[in-house]
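Just so you know, all these numbers are worked out from the coordinates, no wet-lab data involved. Just so we're clear, the structure is a prediction, and the values are computed from it rather than from any experiment. Every residue, glycine as well, gets a Cβ built from its backbone with ideal geometry; the counts of neighbours run over all protein chains shown.
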Amino acid sequence: MGATTARATPLDTSTADVVIRPRAALVRSTALSIGFSAVPIAVAVVWVAVPNGPWLVVGAVVGLFTLAVLVAFLRLRSSFVAVDPDRVAIRGVLSARRSFSRAQVHEVVLAATHGAAVDRTSRELVAFDANGETLFRMRGEVWGDDGIDRLVDTLDVRTTRLARPMSTREFTRRWPGIRAWYERPRAYVLVGGVTALAVGGLLVAEAVGLARR
């Protein structure tokens, strides 16, 4: 979720009118993926690297990757959208916690978007202020359709429902301000660069280990 107008003010989620959290199925599947896929692969990579010598370098790279995965999972578990009579507070999975006046929410737009597969759509909610600036965005894949419906009912503001499904690219092109920081071109370059460096480091370490044998 992205925001252009927000102010970090604490909101007590225990007294909020509604608190929406990521889908339980998403949290559970993420935990299972980490436990049964990421961890065994990380252990196997380090185990293979031990006989070849550069296991310290490989272990450090794998350790950093594992730490990043665990941090992302903890962020997922602790994410929420909370609404009380005066404020809206949001802690996204990959964004900082922020809050703003509930009165700032002037309109919400509901849409169905799809990626490469046109037959697989996902609901999206975008909230705007009176000037048309994006306040926040919620994806049904993360928060669930029920969570989106609960938020719409709680906010009780003008709601526009787009009848025609559209691609995610068309959706973000229509409202450029809804793109989160990790959806912008510079983020793709950064992630690609870090990934390339990590893979390159592992290949160099492996080549050095083989040369010493």
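Taking 35 Å as R0, compute the FRET efficiency from the Cβ-Cβ separation of Ala31 and Ser167 and round it to 0.05.
After rounding, the FRET efficiency stands at 0.70.
Give me a comma-separated list of calculated 3J(HN,Hα) values for the range 132-149, in order, Karplus coefficients 6.51, -1.76, 1.60 applied at θ = phi - 60°, integers in Hz, x for any Gly or Pro.
Karplus values, whole Hz, x for Gly and Pro: x, 7, 6, 9, 6, 9, 10, 9, x, 4, 8, 9, x, 4, 5, x, 5, 4.
Could you tally the net charge around Leu26, taking each other residue with its Cβ under 11 Å from the Cβ of Leu26, Lys/Arg +1 and Asp/Glu -1? It would help to have the intermediate numbers written out before the result.
Numbers: positive: Arg21, Arg23, Arg28, Arg77, Arg139; negative: Glu141.
Taking every other residue near Leu26 into account, the sum is +4.
Along the Cα→Cβ direction, 7 angstrom out, place labels at Leu70 and Ile41. What is the inter-label distance in nm?
Using points 7 Å along Cα→Cβ, the separation is 1.8 nm.
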